[in-house]
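Take a look at the structure below.
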């Protein structure tokens, strides 16, 4: 079978579900979201920093906007958008650091948009966006210096990270500062789990727009992702059964199951 | 009147950027599919080559934009650290060292990345410094483990239990304590850990696709928001 055609069909199915749920969410239907503590804490971090008269540090990681880590960088930018909007109300822009200059441009755009009402605010917020270094070790050293020497109350590190995360995470832990970490790389997750107070594990980082800003497209994509996840799980289980029992006809049953499942979701969202 | 004109210009630029982003995104996506497509796409002669050619040019442009962003990054570094020196911050001596190092590296690097001067800086200054920093990971892992090994609920209990088994299974003393420990360690790494990692990767893949589609459909516009 043509693999590209199969992938195209999958993508078109995903787009169909995404569009359908976006229309339904915009029409007023809201999905029930499970509680993620890291997002609850994130909403309070800026307020805490303002009360203590200190700043918040936001790390967008070592990812880029021009390779496979773009989605992780966009997830970090969603968090930055939310925090910048909060910061604009109190005029206390966060220190934003990143390892890739393309991400820097997006971060500058995000803080400028949030502070658009005041020219002085735009200048101050832009000054706090810092490109540190392209090498992960040098970037970690730069962030460690910020956490050590600047008046930072808490740090939020969401994006693409590798082993260097622990260097930064442990510095934050040593200072006892509020620390939220999140990445999609399973190899880095133990470091985040061990050093951060609140964690965003794996795909949770992509849910930032839905949880923090209630963006209809983000809410819809969570529902679409859940639907597709069940479909993939059914296909995996079906594949195991077919390979083990050598019952080729089982695929028909699985296809019917998937069709019934998707139809039931769509009908439940049409009510 | 002026406000109205500004709003119109802002709207046009927002729509323009979104259209450019969607069209470029669709072409690059089409190029990915075209590369994988067996034979001619839907039997149309030459379509594969056209999509491939446009996709190639767009990727080249990305490289140029990234190079320009790097230049802006250097300007940002100079700006930030010059600001530190100007404001006479407590650690501004480090900012001075950084700016001097930047200037020296730029002068030495004029010959290009493969010149002997640049190679010297990378081999004898940058790499040893990076290795030293990463060597700290050993200590940091120990302190992080010490903090993480405090059992306060069922989740942390399993975290600690599995960590101890893997730790003991990894070192020779584990074999002396109980000969089955390395076998259990291998099972933990190859079955539940791998299953968990694959579950996470499946979710990450779906999240990545959803993020990409939102940008592609213009629902997320990080370039204008």
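Each value in this text was obtained by applying a stated rule to the coordinates, not by laboratory testing. Quantities reported herein were computed from a predicted structural model and do not represent experimental measurements. Heads up, the Cβs are rebuilt from the backbone with ideal geometry, glycines too, and the neighbour counts pull from every protein chain shown.
Shielding by partners for A:135-142, please: the mean number of other protein chain Cβ atoms within 10 Å of each residue's Cβ.
Working: counts 5, 3, 9, 4, 0, 5, 4, 2.
The per-residue average across the peptide is 4.
Packing here is the average count of other Cβ atoms within 10 Å per residue, and on that basis the peptides B:151-162, B:80-91, A:126-137, highest first, run A:126-137, B:80-91, B:151-162.
Given R0 = 25 Å, the distance between the Cβ atoms of residue B:19 and residue A:54 translates into a calculated FRET efficiency of 0.05. Per residue of peptide A:191-197, the mean number of Cβ atoms on other chains within 10 Å of the residue Cβ is 4. A Förster radius of 25 Å combined with the Cβ-Cβ distance from residue B:101 to residue A:148 puts the calculated FRET efficiency at roughly 0.85. One Cα centroid belongs to the range A:41-75, the other to the range A:87-109; the line between them spans 8 Å.
Taking a ≥ b ≥ c as the square roots of the Cα gyration tensor eigenvalues, the range B:1-114 comes out oblate, since a/c reaches at least 1.5 and a/b does not exceed b/c. At an R0 of 56 angstrom, the distance between the Cβ atoms of residue A:32 and residue B:179 translates into a FRET efficiency of 0.65. Rounded to the nearest 10 degrees, the inclination of helix A:37-52 to the longest alpha-carbon principal axis of chain A is 10 degrees.
The angle between the Cα long axis of helix A:70-90 and the longest principal axis of the Cα atoms of chain A comes to about 50 degrees, rounded to the nearest 10.
Each 20 Å bin from zero holds the following percent of Cα-Cα pairs in the protein assembly as shown: 19, 51, 28, 2, 0. Whole Å is fine, so just give me how far the alpha carbon centre of the range B:102-138 lies from that of the range B:14-91. The range B:102-138 and the range B:14-91 have Cα centres spaced 28 Å from each other.
With each label modelled as a point 7 angstrom along the Cα→C-beta vector, the residue A:257-residue B:108 pair spans 6.3 nm. When the helices of chain A are scored as -39500 (n - 2.57) per DSSP H run of n ≥ 4 and the total is divided over every residue, the value at 222 nm lands at -21000 deg cm²/dmol.
What is the average number of partner chain Cβ atoms found within 10 Å of a Cβ in A:18-24? Spell out each step's value before the answer.
On the way: counts 6, 3, 0, 0, 3, 0, 0.
For this peptide, the per-residue mean of nearby foreign Cβ atoms is 2.
Taking label positions 7 Å along the Cα-Cβ direction at both residue A:119 and residue B:223, the computed distance is 2.9 nm, reported to one decimal. Shape class for the range A:1-102: oblate, because the ratio a/c of the largest to smallest gyration tensor axis (alpha-carbon atoms, square roots of eigenvalues) is 1.5 or more and b/c is at least a/b. Computed over the range B:149-216, the Cα gyration tensor eigenvalues convert (square root of 5λ each) into semi-axes of 35, 15, 8 Å, ordered from largest to smallest.
In this rough spin-label picture, where each label sits 7 Å from Cα along the Cβ direction, the residue B:82-residue B:123 distance is 3.5 nm. The spacing between the range B:163-225 and the range A:179-216, judged by their C-alpha centroids, is 14 Å. Quick one: go through the range A:255-271 and flag any residue whose amide nitrogen is under 20 Å from the point 7 Å out along the Cα-to-Cβ line of residue A:10. Only A:255-263 pass the distance filter. The alpha carbons of the range A:145-271 give a radius of gyration and a Dmax of 21.0, 66 Å, in that order. According to the square roots a ≥ b ≥ c of the eigenvalues of the Cα gyration tensor, what is the shape class of the range A:212-271, taking rounded for a/c under 1.5, prolate for a/b larger than b/c otherwise, and oblate for the remainder? Verdict is oblate for the range A:212-271.
Dividing the mean sequence gap of close Cα pairs (under 8 Å, 6+ apart) by how many residues chain B holds gives a relative contact order of 17 percent. With respect to chain B, whose longest principal axis is taken over its alpha-carbon atoms, helix B:2-36 is tilted by about 60°.
Across the range A:37-213, the volume of the C-alpha convex hull divided among the residues equals 96 Å³ per residue. With the convex hull of its Cα atoms as the shape, chain B has an orientation-averaged projected area of 24.8 nm².
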